[in-house]
Amino acid sequence: MPVSAPVARLRRRAAPRPAGARWWHRRLARWGLARAPVRLPAGVHHRVLERRRAVLAERDRRDRQVTVSLAVLLSLALAAVGLARSPLFAVERVAVVGVDDRQAEVRARAGVEVGVNLLDVDLTHAARRVEQLPWVERAVVHRRLPSTVEIRVAARAEVAVVEGPTGAWVVAADGTVLRAAGGRADPPIRVISGLPFLARPGEPTRDAAVLAALEVHDNLPPLVRDWVVAYHAPNPRRLEVTVTAATDGGPFTTVVRFGPPERIRDKAAVLVAVLDELVAGDVRPGDIVAIDVRAPDHPVVVPG
């Protein structure tokens, strides 16, 4: 008997949809939260069906593990972000290492404020700001959990005082002008330049005579360097050094005509040998005017 169209539509509506066809079930199965339906042609052997089910069960287990792992990682990441942004990581202390008497100046220059989040501190920017101080050679900034910013500073050594038309200035070994002389203990070595010496703190000097004297001072053997009292540098090739050597008969002070900053070690060795001979021969400082080592192979003692 033929079935009318309304009855056929009613039967189609009444027919249940398989669970695996529902969109949310397919989505959960893709995420590993539901078991995917097994669809095999009719008449398949039961062992094949069991094997297929075992394979799908193993795949579901792996998918669930991946889903759970991702959920745990996401939770940990959110918890870490929340903890890092919490007041527990607010900066409470800015520590300065490497200097004792200028820590406040370093802190002010770094610009790290107490109370900001430790992770928000720009370490590179803070280090560059500190290195703009004339007397700072190098600065490194670190985070020290949970609430400390550490600034390590390497200061330039003050090696000489340069006298010029604009006054006296303390300089480092590389010629960088550090500060005006006076106010604190100045280095004992003085470089007196006959050329105009225009100084600006934080900038290296371009005075060739001063640079020649500093080069000699930096390359002298420690023994001779300790003897130096002053440099006189009217120009780069007429450098004179006043030295005071400790001898058995007392201090021996004289002027050394050093000349240009060439063969510095050879000139220093000749100076030591000449002084030994003079002291052994009972020559007193007043008996000579200078020791000329400009030609180290032929040193000259200039009598008084």
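Any read-out appearing in this document is the output of simple, stated calculations on the displayed coordinates, not a laboratory observation. Everything numeric in this text was worked out from a predicted model, so none of it was measured. All Cβ positions, glycine included, derive from the backbone under ideal geometry; neighbour counts span all protein chains shown.
For the range 88-155, what number results from the quotient of the Cα radius of gyration and 2.2 N^0.38 Å?
Expressed relative to 2.2 N^0.38 Å, the Cα Rg reads 1.01.
When ranked by the protection proxy of mean other Cβ atoms within 10 Å per residue, highest first, what sequence do the peptides 53-62, 241-250, 125-134 form?
Result, highest mean first: 125-134, 241-250, 53-62.
If you build the convex hull over the alpha carbons only and average its shadow over all orientations, what do you get for the range 158-303? Give it in nm² to one decimal.
For the range 158-303, averaging the hull's shadow over all directions gives 8.6 nm².
Amide H neighbours of ILE189 under 5 Å, counting only residues 5+ apart in sequence or on other chains, H built in-plane at 1.01 Å?
When sequence neighbours closer than 5 places are left aside, the close amide H contacts are VAL161.
Among ALA95, VAL136, VAL162, whose Cα projects farthest towards the positive end of the dipole of the range 48-180, with charges put on the beta-carbon of Lys, Arg (+1) and Asp, Glu (-1)?
The residue sitting farthest along the positive end of the dipole is ALA95.
Name the long-range amide H neighbours of GLU262: under 5 Å, sequence gap of 5 or more, or other chain; modelled H, no Pro or chain starts.
none
Dipole size in debye (nearest 20) for the range 88-155 around its Cα centre, Lys and Arg Cβ +1, Asp and Glu Cβ -1?
On the way: 10 positive and 10 negative charges, 22 e Å.
Charge dipole of the range 88-155: 100 debye, to the nearest 20.
Tell me, what ³J(HN,Hα) does each residue in the range 145-150 have, in order and in whole Hz, if you take phi through Karplus 6.51 cos²θ - 1.76 cosθ + 1.60 with θ = phi - 60° and put x for Gly and Pro?
Result, ordered by residue: 4, x, 8, 10, 10, 10 Hz.
If amide hydrogens are placed 1.01 Å from N in the peptide plane, which non-local residues have theirs closer than 5 Å to the one on THR247?
PHE252
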